[in-house]
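Let me begin by presenting the structure, written as structure tokens, before commenting on it.
The values are calculated or read from the model by the stated rules, or taken from the named source; none is laboratory data. Being a predicted model, the structure only gives us computed values, none of them experimental. All Cβ positions, even for glycine, are placed from backbone atoms using ideal geometry, and neighbour counts span all protein chains on display. Please note that ligands, DNA and RNA were not included when accessible areas were found on the heavy atoms of the full protein model with its side chains. Shrake-Rupley method; radii C 1.70, N 1.55, O 1.52, S 1.80 Å.
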Amino acid sequence: MSDTIFALSSGRPPAAIAVVRVSGPAACGAAQALAGRCPPPRHASLRTLRDAAGAALDRALVIYFPGPATATGEDLVELHCHGGRAVVAAVERALAAVPGLRHARPGEFTRRALENGRIDLAQAQGLADLLEAETEAQHRTALAAAEGAVGRAVGGWLDRLSAIAAQVEAQLDFADEADVEDAGGYDPAPAIAALLAEWRATLAAPSVERLRDGVRVVIAGPPNAGKSSLFNALADRDAAIVTPIAGTTRDVLEAAVMRDGIPYRLTDTAGLAEATDDEVERIGIDRAATAMAGADILLWMGAPVEAPAGAVILAGKADLPGADHTGADLAVSARLPHTIAALWALLADRAGAMLTIDGDMALRQTQRDRLAEAAAALDLARRTTDLLIVAEQLRVATRPLAALLGKDATEAMLDALFGRFCLGK
Ligand code: GDP
Ligand code: ZN
């Protein structure tokens, strides 16, 4: 039997109102201890809260929600108190003194909701992301995930997988009985191709991490090209938010910049000099190479012929007379603000597209990895006409999707199965 936990569920005091939640078998007992008695279920009652010595703490609304149809799946009591610091502290102290009660650990209410099947893993992760959301897209996708959008989408995919699998199994049984090699009939290919196309579209959308951490813009090129000056111009107070990132070395400088609602992560690399024997310099060059490999947008300040594939080629020091812009996408100078503005426009164009999502669904990288695993299996199923292999790969595809919801595959298949029964059956 689990113990009973409590915590302040609303924002930090002081505030107009503070909601303290109590979840677990002793929730009703806790209401009784503080409010004299546990109110009837789902009715807000105004009560004086008192500590064990009988001292009045606050006049509060007390609501009792009997489990299991509650947010946590357990008996739940909400105390809507006045939101002053002293009130909240006194109520929490009084709750801590009730036998069997303890302060909740971070995320413990959500964890209980997950363990009691009130929400799926994707919803729990969406809730976590919602608390951290800064940009509009982050907010929208995290809210959708918290409300079960990811779970519903994956649940729908599992339903379709099991429907295809059922047809394939039936076809295999029929082939057995008829004792023929190829019984003809059901062709799973179109349904598999449609599902795979949906998964690939989902995988092409930005991840939760990308929405949160921003588009990685890396400035690279030979020494003295003007990279650091450009970095400083991009990361200056024009930007709404500029934060130095801890742990950066003198080799690679990073800044998180929010500009026109788009989060960026800017990286300035040390000059990519030719091969060197200097140990320190070589480490710097390795770091620069790693940063460049991880770039979403690579800004190359240097000779166009040396630009890595896909890089945006910048001609630097555009303020100098006689500067050569041949072959460059854009001429820039830290000393010419309009060139910096033009670069921001170019970045917004590319980064905006990278952060665009059609629906509301963004997956975390771990979720994407699992979907990619399922997609690989489905791709194998699509490439064969051997129904035995198709059946096997459909099973393989089920597992990572079930894991994405925090379920094992059998449970997910049972859910898909019983989900089709009507209510009351
Ligand atoms: P990095 O080695 O590529 O990072 O280049 P820096 O930004 O450190 O600049 C190297 C030198 O070029 C410094 O002396 C800067 O003052 C100068 N510099 C950088 N950008 C410009 C520019 O836009 N115009 C001019 N005239 N000089 C620049
Ligand atoms: Zn530099």
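Residues checked against (1) assigned to a helix (DSSP H, G or I); (2) modelled with pLDDT of 90 or more:
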position	(1), (2)
Val91	yes, yes
Arg112	yes, no
Ile119	no, no
Ala122	yes, no
Leu130	yes, no
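Look through the range 261-277, keep the residues that are within 16 Å of ligand 1 (Cβ to nearest atom) and surrounded by fewer than 18 Cβ atoms within 10 Å (Cβ to Cβ), and return whichever of them is modelled with the highest pLDDT.
Thr276
How about the range 132-147: which of its residues are in a loop (DSSP other than H, G, I, E, B), within 13 Å of the chain's Cα centre (by Cα) and either of a type in the set (A, V, I, L, M, F, W, C) or modelled with pLDDT of 80 or more (or both)?
Ala133
Specify the residue that is modelled with the lowest pLDDT; the eligible residues are those in the range 236-260 that are farther than 22 Å from Ala133 by Cα and open to solvent by 50 Å² or more (accessible area, probe 1.4 Å).
Gly247
Could you check, for the range 105-121, whether at least one of its residues is without any contact (Cβ under 8 Å) to a residue 60 or more places away in the chain, surrounded by fewer than 21 Cβ atoms within 10 Å (Cβ to Cβ) and over 30 Å from Gly155 (Cβ atoms)?
For the range 105-121, residues without any contact (Cβ under 8 Å) to a residue 60 or more places away in the chain, surrounded by fewer than 21 Cβ atoms within 10 Å (Cβ to Cβ) and over 30 Å from Gly155 (Cβ atoms): absent.
Which of the residues that make up the range 332-359 are within 16 Å of ligand 1 (Cβ to nearest atom), among the aliphatic types (A, V, I, L, M) and within 37 Å of the chain's Cα centre (by Cα)?
Val332, Ala334, Ile340, Ala341, Ala342, Leu343
Can you pull out every residue in the range 208-235 that is away from ligand 1 (no atom under 16 Å from the Cβ), open to solvent by less than 10 Å² (accessible area, probe 1.4 Å) and either outside any helix (DSSP H, G or I) or without any contact (Cβ under 8 Å) to a residue 60 or more places away in the chain (or both)?
Of everything in the range 208-235, those that are away from ligand 1 (no atom under 16 Å from the Cβ), open to solvent by less than 10 Å² (accessible area, probe 1.4 Å) and either outside any helix (DSSP H, G or I) or without any contact (Cβ under 8 Å) to a residue 60 or more places away in the chain (or both) turn out to be Gly214, Val215.
Only one residue in Val312, Val305 is away from ligand 1 (no atom under 13 Å from the Cβ) and within 18 Å of Val215 (Cα to Cα), so which one is that?
Exactly one residue qualifies, and that residue is Val312.
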